[in-house]
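Please read the structure below before turning to the comments.
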Amino acid sequence: MSSLTGDQIRERAAALGDWFHNIDLNGVQTAPNHFLNDYPNVKWKMFQHAIPEDLTGKTVLDIGCNAGFYSIEMKRRGADRVLGIDFDERYLNQARFAAEVKGIDIEFRELSVYDVAQIGETFDVVLFMGVLYHLRHPLLALDLIHDHVAKDILIFQSMQRGSPEEAPVRADYDFFEQEHFEEPGYPKMHFIEHKYANDWTNWWAPNAACSAAMLRSAGFQILEHPEEEVFICRRGERPTPAGAVYPAKPKTNGTTNGGGHA
Ligand SMILES: C[S@@+](CC[C@H](N)C(=O)[O-])C[C@H]1O[C@@H](n2cnc3c(N)ncnc32)[C@H](O)[C@@H]1O
């Protein structure tokens, strides 16, 4: 636990810019006016029961960790090692400060989800929360996570829009069948060409069926769906051979092996 006074924490937190994560730093709230209220604590409360209480001996990768709220929660549950990655150094500095104030040992590294192959390690638990819809290439990211860093459990969350229903999807449809595309529960992802919520980094808004279908397609078996935007998955085999084509896998013997998939 840090010896900083409340005023010192407030001052240093403010100097780190606007926070997306509201974290309680010894009584100082980092984002007290968040538009989603006490976020992500309100979200966490909805699905924390679905995550093992004891993560002793486990390794965790938090992709798009932001200021580290979930990384801190994983460490609190006893995870041996937590690595948080984000491509925004500003958020990582907030995360480092939050962990310092809490006296928690977490490694934070600047890295894009597209470059997870560089980590060269697989993790028992991978969190991929609130990132998919910010990506121009969301399925690619899921494929890369599957191929390079997921060993067992994936905890996934996405903003979703459209129907919360999940219509059964058949293995195939005749070329002239089209009605299923109109069903609200058919997997659909809305493309955001400009901005959504005044944010140009929102590129996609899947419906729930699409989140689930993309996870399955990337090779993740859905174990639980404890909250409407959250899916707890287990890494399995990809149903089709298609997979990530970018980037090349980590160098072996001084060469890359091209853009194949596992
Ligand atoms: C909406 S926030 C979600 C933060 C946290 N995971 C959560 O669920 O509260 C999205 C985060 O993803 C990060 N991000 C967006 N694109 C990324 C990318 N290509 N690679 C790594 N992080 C990314 C952003 O910098 C931001 O911290």
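What follows draws every value from the coordinates through simple rules; no lab data is involved. The shown structure was predicted, so the numbers you read here are calculated from the model rather than taken from an experiment. Every residue, glycine among them, receives a Cβ derived from its backbone with ideal geometry; neighbour counts consider all protein chains shown.
Could you tell me which of the pairs 43/75; 75/188; 43/195; 58/195; 102/195 are separated by over 28 angstrom between their Cα atoms in the structure shown?
Too far apart for the 28 Å limit: 75/188; 58/195; 102/195.
Using helices alone, what [θ] at 222 nm do you get for the chain, with -39,500 (n - 2.57) per DSSP H run of 4 or more residues, divided over all residues and rounded to the nearest 500? Write out the running numbers ahead of the final one.
Details: 7 runs with 60 residues, N = 262.
Counting only the DSSP helices, I get -6500 deg cm²/dmol.
Would you mind getting me the FRET efficiency between residue 48 and residue 152? Use the beta-carbon distance for r and R0 = 30 Å, nearest 0.05.
Working: r = 18 Å, r/R0 = 0.62.
With a Förster radius of 30 Å, E is 0.95.
Could you give the dipole magnitude of the stretch 113-196 about its Cα centre, charging the beta-carbon of Lys and Arg +1 and that of Asp and Glu -1, in debye to the nearest 20? Write down the numbers at each step before the final one.
On the way: 6 positive and 15 negative charges, 93 e Å.
So the dipole magnitude of the stretch 113-196 works out to roughly 440 debye.
Using a 7 Å offset from Cα along Cα-Cβ at residue 2, what residues in the stretch 81-108 end up with backbone N under 19 Å from the label point?
Zone members listed by number: 84, 89-108.
Which loop-located chymotrypsin sites (Phe, Trp or Tyr not before Pro) does the stretch 112-194 contain, where loop means any DSSP state but H, G, I, E or B and the Cβ has at most 13 other Cβ atoms within 10 Å? Provide the component values of the computation, followed by the final result.
Numbers: sites: 114, 123, 128, 133, 156, 173, 175, 176, 181, 191; in loops: 173, 175, 176.
Those satisfying the criteria are 173, 175, 176.
Working from Cα positions, state the angle (0 to 90°, nearest 10) between the long axis of helix 208-217 and the longest principal axis of the chain.
80 degrees
Please state the charge dipole magnitude for the stretch 37-235, taken about the Cα centre, from unit charges on C-beta atoms (+1 on K and R, -1 on D and E), reported in debye and rounded to the nearest 20. Please list the in-between numbers first.
Values: 20 positive and 33 negative charges, 113 e Å.
About 540 debye.
Quick one: 194, 148, 180, 34, fewest Cβ neighbours within 10 Å first, how do they rank? Present the calculation step by step, with values, prior to reporting the outcome.
Numbers: 194 6, 148 20, 180 13, 34 17.
Arranged by neighbour count, lowest to highest, 194, 148, 180, 34 become 194, 180, 34, 148.
Between residue 56 and residue 14, 0.36 nm times their residue separation minus their Cα-Cα distance comes to what? If you can, show how the numbers build up before the last one.
Numbers: separation 42, 0.36 × 42 = 15.12 nm, distance 3.38 nm.
Full extension of this stretch gives 11.7 nm more.
Calculate the FRET efficiency for residue 26 and residue 90 from the Cβ-Cβ distance with a Förster distance of 22 Å, rounded to the nearest 0.05.
Working: r = 22 Å, r/R0 = 0.99.
Approximately 0.50, to the nearest 0.05.
State, as an integer percentage, the relative contact order of the chain based on alpha-carbon contacts under 8 Å between residues 6 or more apart.
Values: 513 pairs, mean separation 39.2, N = 262.
Contact order relative to length: 15 percent.
Under a plain spin-label model, where a point goes 7 Å from the Cα along Cα-to-Cβ, how far apart in nm are residue 115 and residue 199?
2.3 nm
To make sure I understand, if each residue's beta carbon is the centre and we count other beta carbons within 10 Å, what order do 54, 143, 88, 174 fall in, fewest to most?
Numbers: 54 9, 143 23, 88 14, 174 6.
So the ranking, lowest neighbour count to highest, is 174, 54, 88, 143.
Considering the options 164, 119, 184, tell which one lies farthest towards the positive end of the dipole of the stretch 115-207, charges being +1 on Lys and Arg and -1 on Asp and Glu at the Cβ, about the Cα centre.
Farthest along the dipole direction, towards plus: 119.
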